[in-house]
Every structure is written in C-alpha cells, then in structure tokens.
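Chemist: Take this structure first; my questions come after.
The values are calculated or read from the model by the stated rules, or taken from the named source; none is laboratory data. All values derive from a computational prediction rather than experimental measurement. When we count neighbours, we look across all protein chains shown, and the Cβ atoms used for this are built from the backbone with ideal geometry, even at glycine. The protein model used for the area step is the full one, side chains on, heavy atoms only, and it has no ligands, DNA or RNA in it. Shrake-Rupley method; radii C 1.70, N 1.55, O 1.52, S 1.80 Å.
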Amino acid sequence: MREQLHPGGIIDGYRLGDCVHKGGTGVIYRTTAPARQDPGFPIVLKAPFLGRGESAIGIIGLEMEQMILAKLNGPHVPRFVAAGDVRASPYVVMEWIDGEDLSEIIERAPLPPEDVARVGAALADAIHSIHLQDVIHFDIKPENFLLRPTGEAVLLDFGFARHARYPDLLAEEKEFAAGSAPYVSPEQLQHDRSDPRSDLFALGVLLYELATGAQPFGQPETAAGMRDRLWRRPTPPRGLNPDVPPWLQEVILRCLEPAAGARYQSAAHIAFDLRHPEQVALSERAGETQGLGVVAQARRWWRAQRRAGALATSAKAAGRRVPVIMVAVDTEHPDDQRHPALQAATRQLVSLYPELRLMCISVVKAAPPREGANDLDTTTGRHLEHKMRLRHWVEPLGFPPSQISLHVIEGANAGSTLLDLARVNNVDLIILGAPGASQRALAWWRSVASNVTANAHCSIHVVRVPERRPEPGSEPA
C-alpha cells in the first residue's frame, strides 16, 4: 500500500488528496470516498508508515484506533467511516474536523483566566465524553485537540487509547508506549493503563500551559527526568504569571497531584469548577507563588515510593481476577504438523473458563539489518505477514474477538521472550508445542519448550503430536 500513499493515489476506492499531517508513525490525507460510500461529510484517511526503517508501533496503534473509534460517538470525536484490513491495507477513514488546533492556541499563552477556563472546560467535556464510553485516551496533548467554531473540543488520535472491554494491545507489547513526555501521567510511567484519572493529569498540564505559557515539568528526554513528576510539585502558576487567580491555580495544581486519589475524580468535576470559579474550594496551594522547599519535596518523594509499591501490589492482584492464557504459535512454519494439535488443545483449555484473555504470541526473527525491497525483509512487512498468519491460526477456534489479542514480537531467543512476556502480563497458563522429532535429537534443554517449562512462573501445558509407529512386519517408507 505504501506505493499508493501520495496525492492522487487510490486505496480501496478512496482517492487521496492533500497531505494534512505527517507524524512519527503515520500520515493523514484529505480523501474522497467512492460515490456509493460517500458519508455526506468531509473525510480523511490515516495510514501507518510501512517499509524500511519503520517501527511496528504504527500498525499496532492503527489497530487500536480502528477498534476504538468505531465504538465512539458524539460531537467530541470524529465520526468513523471505514477501516482497511490490517493484513493487506492498514488504514482508517474518519470525519475531517474543521477547527482550530489547540497547539495554535497554546502558542498565544498565557491566556486571560476567562479564556483558560472556557477552553479548559471544553477539553474536559471531551475527555469526560470518552470516559463515559469506557475509553481512556492516554495521549492527551495539544496536537490531539481541535476546537470547533462552536467552541466544542474534539479529541483525535486513539492509537494509544484503551477500551475497557477490549484487549489492550499496547500494554501487552514488550515495548510499552507511554505517551508524550511532557503530558504522561505518573500511572503510565508505572505501566498502569487502567486509570482514567491519567487523562486528568494530562489535562492539568494543558491548563498550566494555557495559564502560564510554560510546561510544568518541561520536556524531559530521559525516563529519569519523566519520573520526577511522581513526587515533584511544579512551580505554582502564580509564580510564573501573577494574573492567574487563586481559584484557577487551585484547579490546576489539583489536577497535577502525583497520587490519582488526590486529583479530581472526574473530568466533569473539572469542567464544572472552570465554569463556576466562585464554587472552587481553596486550599493553601491556591495562594502559593514559590515552589516547595527541600524538606517538603523530600516528604513527597518518600510518599511516592510507598505509592509505587502499593500500585505494583494492586496491579498484580488485579491481573489475577481474570485468567490470562498465552499460546505460543510458530508462524515461521505455518505448515508444521503440530498446529492442529495446538489448536485443539487451546480450544479445550479456554472452554474451561467463562472469562479469560487469550494472548496469541508469535516470536519471529528480526528483519535483516539492511532491510531489502521485499516486504518480508522489512520490520513492518514481517509484522503484517505474521500478524495475518496469527489471525488465520486463531479464526478456527471461534473465540470472541474481544477477548483475544495477537502479538508479533521480534526476538533472538524465543524462550526468553515468551518468559518475559508472561511475567509482564501476569499470565496464568502458557500453551506451547513440544519439540518435533528432528529437534529431539538435540539435548533436551536446548528446546524452547524445555526452557519455558523450567523457568516459567506459571503453569505450562505442552502439546505433543503422537508419533505414528509402523505396524509390526511393515517396511519403513
């Protein structure tokens, strides 16, 4: 499809117009629909970059956006139109929103308090709308908001988002996508993608920018720099802009509390306070103009360490509520005789649980260091090909798609990769095939199955294909 990504190109009948945005993992074009599929409003087509040097994260994010955007409705999100098969033409077609980019508004900051309140309330309305539909965005930033001429805010780009009723593909990838550094929440830095209050923290960063023209935590370039927000309170907005009223500072600093429980508990509450400043209950922080002293910051650091331990414990407990079953599928050898037996065993085992999450994993060799012109010699091409093989493998099981997630991981050591994924994702059971006859000539400890069986933290179900022994007196073929 990458040859068609240019103005005038046609993808499944959709004709591409001008390029309106080019990001790190994909591109967006103004688009014209085929006459019989015209939705009656302007549309755009979004597609990931494919080919040499491109990361698979763009494809994974597009899968999330296809799945989530189709379930959302209301004036705060673009209308979903169509999606291409990720195995052949990965893209999503959606409504083109005519509005002002929040990035352009922030360039004019600091804004008067009444403008901060008006814009901020609109942003909070949009966030609250998707939260009511069981979606957490996880990439709240200026580039992902448009303000309609009517004043309503529209949220864009659901590639990092999570829907409560669908598999979280990003959380289950080995490389965790945290979001944009200036806006990422403390929970995301601790690999917790379950709390909608993460979006409220990012909204607090936007309000801080609108009110002061600065970012509360700067633009850290390292993980250590990002983790400062787990405990550090930024300079109070009134210390940078004396025109910020106490009530607005109260709202902003409450959004930026490191502990989610100390923040606002709903975006609707933020919108209400921004529209009714006289109702905002002020604390000591409302009037502060200086940052906290060394002792006070040290106390916050210590409390953050204790919260991190509690969060890890609760996350492990939550992961055990619904069984997670991982099945290792060798998509490098789709004709292997073990596949039917592995499918049958998987079907039988998952039938024992009324609720579960099934992770189908394929560990593949990395693309050649010098990617070739052939799609299978590129990272994205290999990812798409093996994802297609995984989908083909799982389809005969007839398992609900909402409880299945498919993962193609590059790894030099399949056993170690499977073990790492199982630990990170709190897997309860691993299903995998035993070595074939030719592999059993090697020492037993060299096989993937024996490595996983010996070192896994959870139960293992190894599937072996019975050998057909020749009947007595018969000649070997």
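Chemist: Could you work out how much longer the chain between Glu143 and Phe41 gets when fully extended? Use 0.36 nm per residue separation minus the Cα distance between them, nm to one decimal. Please list the in-between numbers first.
Modeler: Values: separation 102, 0.36 × 102 = 36.72 nm, distance 2.24 nm.
Working it through step by step, the gained length comes to 34.5 nm.
Chemist: Filter the trypsin sites (Lys or Arg not before Pro) in the stretch 42-120 down to the DSSP loop ones having no more than 12 other Cβ atoms within 10 Å, then list what survives.
Modeler: Here the trypsin sites (Lys or Arg not before Pro) that fit, given the DSSP loop and packing criteria, are Arg108.
Chemist: In the stretch 187-232, which GluC sites (Glu not before Pro) are in a loop and have at most 13 other Cβ atoms within 10 Å, using DSSP for the loop call?
Modeler: Glu221
Chemist: If Rh is defined by the Kirkwood formula over all Cα pairs and Rg also comes from Cα, what ratio Rg/Rh do you get for the stretch 134-239?
Modeler: When Rh is taken as the Kirkwood radius, the ratio is 0.97.
Chemist: Glu104 accessible area, nearest 10 Å², 1.4 Å probe?
Modeler: Answer for Glu104: close to 90 Å² accessible.
Chemist: Rounded, prolate or oblate for the stretch 1-92? Axes are the square roots of the Cα gyration tensor eigenvalues, ordered a ≥ b ≥ c, and the cut-off for rounded is a/c under 1.5.
Modeler: Numbers: a/c = 1.68, a/b = 1.18, b/c = 1.43.
Judged from the Cα gyration tensor, the stretch 1-92 comes out oblate (a/c at least 1.5, b/c at or above a/b).
Chemist: Now for a different question. Expressed in nm to one decimal, what extension gain is obtained for the pair Ala262 and His6 from 0.36 nm per residue of sequence separation less their Cα-Cα distance?
Modeler: 87.3 nm
Chemist: Something else: Please give the per residue accessible area of the stretch 1-111, computed with a probe of 1.4 Å over protein heavy atoms only, in Å².
Modeler: On a per-residue basis, 47 Å².
Chemist: Express the carbon and sulfur contribution to the solvent-accessible surface of the stretch 1-106 as a percent, rounded to the nearest whole number, probe 1.4 angstrom.
Modeler: Details: 2220 of 4800 Å².
Of all accessible area on the stretch 1-106, carbon and sulfur atoms account for 46 percent.
Chemist: Next up: What spacing in nm lies between the two simple spin-label points modelled at His191 and Thr150, each 7 Å away from Cα in the Cβ direction?
Modeler: For the pair His191/Thr150, the computed spacing is 4.3 nm.
Chemist: Pop out the carbon and sulfur fraction of the accessible area of the stretch 200-287 as a percent, whole number, probe 1.4 Å.
Modeler: So the carbon and sulfur contribution to the accessible surface is 48 percent.
Chemist: Per residue, how much accessible area does the stretch 136-258 have with a 1.4 Å probe, in Å²?
Modeler: Values: 4070 Å² over 123 residues.
Accessible area per residue: 33 Å².
Chemist: For Arg165, Arg338, write out the residues from largest to smallest accessible area, computed with a 1.4 angstrom probe and no ligands counted.
Modeler: Descending order: Arg165, Arg338.
Chemist: If you don't mind, there's one more thing I want to ask. Which value in nm describes the separation of the simple spin-label points at Ala281 and Lys71, placed 7 Å from the Cα toward the beta carbon?
Modeler: So the label points at Ala281 and Lys71 sit 3.5 nm apart.
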